[in-house]
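Worksheet for the structure shown next.
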Amino acid sequence: MTYKDNKNFLLINSLVQEKKFFEARELLLKDKNKYLLDYFFLYILGFLEDQLGNSNQAISNYLESVRLNPSFKESKFSLGSIYYKLRKLDEAKLIFLDLIEETKDIRSYHNLALILFDQTLYDDSILYLKIASNLYPTSYEVHHQLGLVYSKLKKYYEAIKYYDLANKFNEKKDSSTLNNLGNVYSDLKDYDRAIFCYNQALKFDGDKSKIYNNLAVAYSDIGDLEKTIYCYEQSLLLNSKNLIIRQRYIFYLLYNFETKKLYKQETIKYSEEIDYLPNLSKINKLKNFTEDRQINLGIVSGDFRKHPVGYFLMDILNHLKNENIKLFAYSNPEIEDDYTESLKERFDVFNNISSLSDKDSAAKIYDDKIDILIDMSGFSNQTRLSLFKQKISPVQVSWAGWLATTGLKEIDYIVGDSIVTPETHKDYYVEKILQLPNIWCHLSTSDIKQIDTNHTPALINNYITFGCFNSMHKINNKVIEAWSEILHAVLNSKILIKNFQVNNYLYKKKIINEFKKNNILEDRLIFEEASLRDKLLLSYNNIDIALDTFPYTGGTTSLETAWMCVPLLTIRGDSFISRCGASINSNLNQDHWTAENVKQYIQLAKEYASDYKKLDINRSYLRDNSRKSPIFNSKLFSKNFAKALRKILLEYVTTNNNI
C-alpha cells in the first residue's frame with residue numbers, strides 16, 4: 001500500500017492543479033512519519049519541493065524514492081529533469097541514458113537530446129532524436145528538436161524538413177516551431193516565407209513578443225520601415241521591460257517623419273529602465289588637475305572596425321596622443337576585421353569587454369582612472385549605454401556614433417557643431433551641447449588608395465545621373481516622391497542607388513514599386529550592390545549629383561561624396577540627423593547646395609542639372625578645394641577636439657571643487 005491509496009491524495013492532487021503547492025506540501029507532511037519509507041510519498045514530496053524552489057530537498061527526496069523502488073521510473077525521470085534544470089548536465093545525462101535502456105521512453109530520448117545539444121554534441125543529439133523519431137513517428141517534440149539542431153548546424157533545408165513535420169503533429173498549437181521556421185527562412189533571405197511563418201505563429205500560443213520582434217527584424221531587412229516600427233511597438237506592448245527590444249525600436253524611430261517625434265521620450269524611458277547599480281558608481285577624483293595634465297580618454301564602442309566609427313577614428317588617434325591624451329578603447333564587438341587590428345595599434349590600451357558584465361567593465365574603467373568616457377554606439381546593436389548609466393567617469397560624452405540624444409542624464413555632453421547642434425536646439429537633448437569649431441566629426445583618408453576623380457559624367461553621357469549611396473532605411477516614400485519629381489523634370493535623367501541591401505529582391509522590388517507609383521519606370525533606375533570601399537568610391541565617378549535623404553541624411557556617405565568631389569544636394573532639417581549634409585556643405589563652401597525645404601531641394605536639383613558645364617566647374621572647384629577642408633584635416637580636428645575635451649574637464653573640476 002502506497003500514499004496513492006491515502007484519502008488525502010486526491011485532495012493534494014486537486015491543490016496541485018490549482019498550483020497551491022505550499023498548502024499541498026503542508027497537507028502531505030502531516031503523514032510524513034507514517035510514509036517515510038514509501039517511494040511514492042517521497043516522489044510527491046520531491047515534486048512539491050521542486051515546485052516551491054527547494055531544489056536540494058527535491059533531489060534528496062527523489063534519490064530516496066529511487067533507492068526504495070528502482071523500478072519506479074517517474075522518480076528517476078524527475079531527478080534527471082531537476083539536474084538538467086540546475087545545469088548538472090553530466091548527472092542528468094547518466095539518468096536519461098539509463099531510462100532509455102530500461103523503457104525507451106520518448107521523454108527521456110527528448111531530454112537526453114536536449115542535454116547533448118546544450119553540450120554542443122550535435123551529432124549525438126541527432127542520433128538519439130532519430131531513434132526516437134523511428135519509435136514515435138508522430139512526436140511533435142522530437143521533430144521540433146531535430147529542426148532546432150539542424151538549424152544550429154546551419155543545415156537549413158534539413159531543419160525545414162523537420163520543422164514541417166513538427167507542425168504536422170502540433171496538436172497543442174505551440175508557436176515556437178513556426179517562429180523557428182521563420183528564423184530559418186530569414187537566414188536563407190527568403191523573407192516572404194519567413195514573414196508568412198511569423199504571422200502564422202502569432203495565431204498560436206507562445207511568446208508573441210518574441211515573434212513580433214522577429215517580424216520586425218524581417219521587415220527591417222527588406223526595408224519596410226513602417227511595419228518594422230509597428231512590430232517593435234507590438235513587441236513592447238507585450239514585454240515593456242525588454243531593453244533590447246526597446247533599444248531596437250528607438251534605433252528606427254529616427255528614420256520616420258512621424259515616429260521621430262516620439263524619439264526623445266522613448267530614450268528617457270529606456271534610461272529609466274536601465275538598472276542602476278550604486279556599488280558601481282565610483283568616480284575617480286581629479287585631484288591636482290591642471291590644464292597641462294595628461295587626460296585619460298576612454299572610448300566605448302562595438303564598432304572599432306570597417307564602419308563609420310572606425311573611419312572617424314583612424315587618422316586622429318595618433319594626433320590626439322600628441323595633445324597629451326592617453327587613449328583607452330573599450331570594445332564590445334560583434335565582429336573584428338583588419339581595420340580593428342590597425343586601430344588597436346593606435347590606442348595605448350585596447351580592452352575587449354564583450355564578455356564582461358557591466359560590473360566587471362565598470363571596475364576596469366575605474367581602475368584605468370578614466371577622466372572622460374565617450375560613447376560611440378548609442379542605440380546601435382552593440383550598445384553599452386548601461387555602463388554610462390552608472391556614471392563611472394567624471395565626464396561622459398556622446399560623440400559621432402549616434403547623432404541624437406541618448407536620453408541619459410548621466411551623459412554630460414553631446415558633440416556637435418554650430419550647424420548640426422545650434423544652441424537653439426538645446427531642448428532636443430538631455431545632454432549639454434559641446435560645439436566644435438568646424439564640424440562634428442572627421443573622415444580618415446590615410447588608408448584610401450589614390451583614386452582619380454572624373455569630370456561630371458553628363459558631359460559624356462549627355463544625361464544627368466543622380467545618385468544615393470545611403471542605407472535603405474533612409475530612403476523613405478517621401479524621399480522617393482521628391483526624387484521622382486526631379487526625374488520627371490530632368491529629361492532622360494537616371495538615378496543610381498547603391499547600398500548593401502539592393503541584392504535583396506524584396507527590398508529592390510519595394511523601391512521599384514514606389515517609383516512606379518510616382519510614374520517612374522524601372523529603366524530610369526540603376527541598382528548597384530555594395531562593394532569594398534575602394535570600388536565604392538570609384539562609383540562616385542558615375543554620378544553627377546548626389547541626392548541626400550531626409551529626414552535622416554547621410555553621414556559617412558556624404559563625407560565620402562565630398563572626398564570624391566561630387567556635389568551633394570541636401571536639406572537643412574530640424575535635428576542633428578537632418579543637418580549633417582548642411583554642415584559638410586558649409587565646410588566645403590557649398591552652402592548653395594543646401595536647401596531649406598523639399599520644394600527648394602527639387603527646384604535646386606532641376607536648376608543645377610540643367611547646365612552640365614556649370615556642374616563640371618563646380619566639380620573642379622571641389623577637386624581643388626575639398627581635400628583641404630577641415631573635414632579631412634585630421635591634425636586640425638584633433639587639436640580642436642582635444643581643446644574642447646580639456647575645457648569641459650576643467651569646467652568639471654571647477655564646478656566640483658576637486659582642484
Cut-off under 20 Å on the C-alpha distance; same-chain residues fewer than 8 positions from LYS20 excluded. Which lysines are left, in chain and number order? LYS4, LYS7, LYS30, LYS32
Using Cα pairs closer than 8 Å and at least 6 residues apart in sequence, work out the relative contact order for the range 384-518, in percent. 16
With the 1.4 Å probe rolled over protein heavy atoms, the range 152-252 has an accessible area per residue in Å² of 49
If the chain between GLU171 and ASP574 were fully extended at 0.36 nm per residue, the gain over the current Cα-Cα distance would be 139.7 nm
If I histogram all Cα-Cα distances within the range 121-258 using bins 5 Å wide from 0, what percent of pairs lands in each bin? 2, 11, 19, 19, 17, 14, 9, 5, 3, 1, 0, 0
How many percent of the alpha carbon pairs in the range 419-490 exceed a separation of 17 Å? 72
Cross-link list LYS599/LYS635; LYS321/LYS647; LYS173/LYS210: which exceed 27 angstrom alpha carbon to alpha carbon? LYS599/LYS635
Per residue, in Å², the accessible surface of the range 561-633 once ligands and nucleic acids are set aside, probe 1.4 Å: 39
Would you kindly state how much longer the chain becomes between TYR621 and GLU522 on full extension, computed as 0.36 nm times their sequence separation minus their alpha carbon distance, in nm to one decimal? 32.3 nm
Taking the solvent-accessible surface of protein heavy atoms with a 1.4 Å probe, what is the per residue accessible area of the range 1-97 in Å²? 56
With a point put 7 Å past each Cα toward its Cβ, work out how far VAL349 is from LYS647 in nm, to one decimal. 2.8
Hull surface over four for the Cα convex hull of the range 410-560, reported in nm², is 11.7
Under a 1.4 Å probe, counting only protein heavy atoms, LEU97 has an accessible area in Å², nearest 10, of 60
For helix 191-201, report the angle its Cα long axis makes with the longest principal axis of the Cα atoms of the chain; keep it between 0 and 90° and round to the nearest 10°. 40
Give me the percent of Cα-Cα pairs in the range 526-577 that sit more than 15 Å apart, rounded to a whole number. 49
Can you pull out the trypsin sites (Lys or Arg not before Pro) in the range 200-274 whose DSSP state is coil and whose Cβ has at most 16 other Cβ atoms within 10 Å? LYS203, LYS241
Quick one: what are the phi-derived ³J(HN,Hα) couplings along the range 582-591, Karplus 6.51/-1.76/1.60 with θ = phi - 60°, whole Hz, x for glycine and proline? 5, 5, 4, 4, 4, 6, 9, 6, 10, 4
What FRET efficiency comes out for TYR463 versus ASP337 if R0 is 45 angstrom and r is the Cβ-Cβ distance? Round to the nearest 0.05. 0.70
Heavy-atom accessible area of the chain with neighbours in place, 1.4 angstrom probe: carbon+sulfur share in percent works out to 50
Once THR655 and PHE500 are pulled to full extension, the length gained, defined as 0.36 nm per residue separation minus their Cα-Cα distance, is 51.0 nm
For the range 591-659, listing GluC sites (Glu not before Pro) in a DSSP loop whose Cβ sees at most 14 other Cβ atoms within 10 Å gives GLU596
Please give the FRET efficiency for ASN199 paired with ASP292, using the beta carbon to beta carbon distance and R0 = 60 Å, rounded to the nearest 0.05. 0.40
Under 25 Å Cα-Cα from LYS606, which lysines qualify once same-chain neighbours fewer than 8 residues away are excluded? LYS474, LYS478, LYS494, LYS498, LYS516, LYS517, LYS614
How high is the relative contact order of the chain, in percent, counting Cα pairs under 8 Å that sit 6 or more residues apart? 9
Treat each spin label as a single point 7 Å out from the Cα along the C-beta direction, and report the GLU23 to ASP447 distance in nm. 6.7
For the chain, find the longest principal axis of its Cα atoms and tell me its angle to the long axis of helix 156-168, 0 to 90°, nearest 10. 50
Describe numerically, in nm with one decimal, the distance between label points set 7 Å from Cα along Cα→Cβ at LEU63 and at LYS269. 5.0
Normalising by the residue count of the range 495-582, find the relative contact order in percent from Cα pairs under 8 Å and 6+ residues apart. 24
For LYS32, put the label point 7 Å out on the Cα→Cβ axis and report which residues of the range 44-84 keep their amide N under 20 Å from it. 44-68
What helix-only [θ] at 222 nm does the chain give? Using -39500 (n - 2.57) per DSSP H run of at least 4, over all residues, to the nearest 500, the answer is -15500 deg cm²/dmol
How much FRET efficiency would the formula 1/(1 + (r/R0)^6) give for SER610 and ASP187, where r is the Cβ-Cβ distance and R0 is 60 Å, rounded to 0.05? 0.80
Apply the Debye scattering formula to the range 521-659, with a single equal point scatterer on each alpha-carbon and no solvent, then give log10 I(q)/I(0) at q = 0.13, 0.18 Å⁻¹. -0.66, -1.09
Taking only Cα atoms, what is the 0 to 90° angle, nearest 10, from helix 73-85's long axis to the longest principal axis of the chain? 20
Per Stokes-Einstein, at 20 °C and 1.002 mPa s, what whole-number D in µm² s⁻¹ belongs to the chain, with the Kirkwood radius over Cα pairs as the hydrodynamic radius? 74
Cα gyration tensor of the range 178-266, axes a ≥ b ≥ c as square roots of the eigenvalues: rounded (a/c below 1.5), prolate (a/b > b/c) or oblate? oblate
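The values are calculated or read from the model by the stated rules, or taken from the named source; none is laboratory data. Since the model is a prediction, treat every value here as computed from it, not as a measurement. Here Cβ is always computed from backbone atoms with ideal geometry, including for glycine, and neighbour counts include all displayed protein chains. Note: accessible area is taken over every heavy atom of the protein model, side chains too, but ligands, DNA and RNA are not part of it. Shrake-Rupley method; radii C 1.70, N 1.55, O 1.52, S 1.80 Å.
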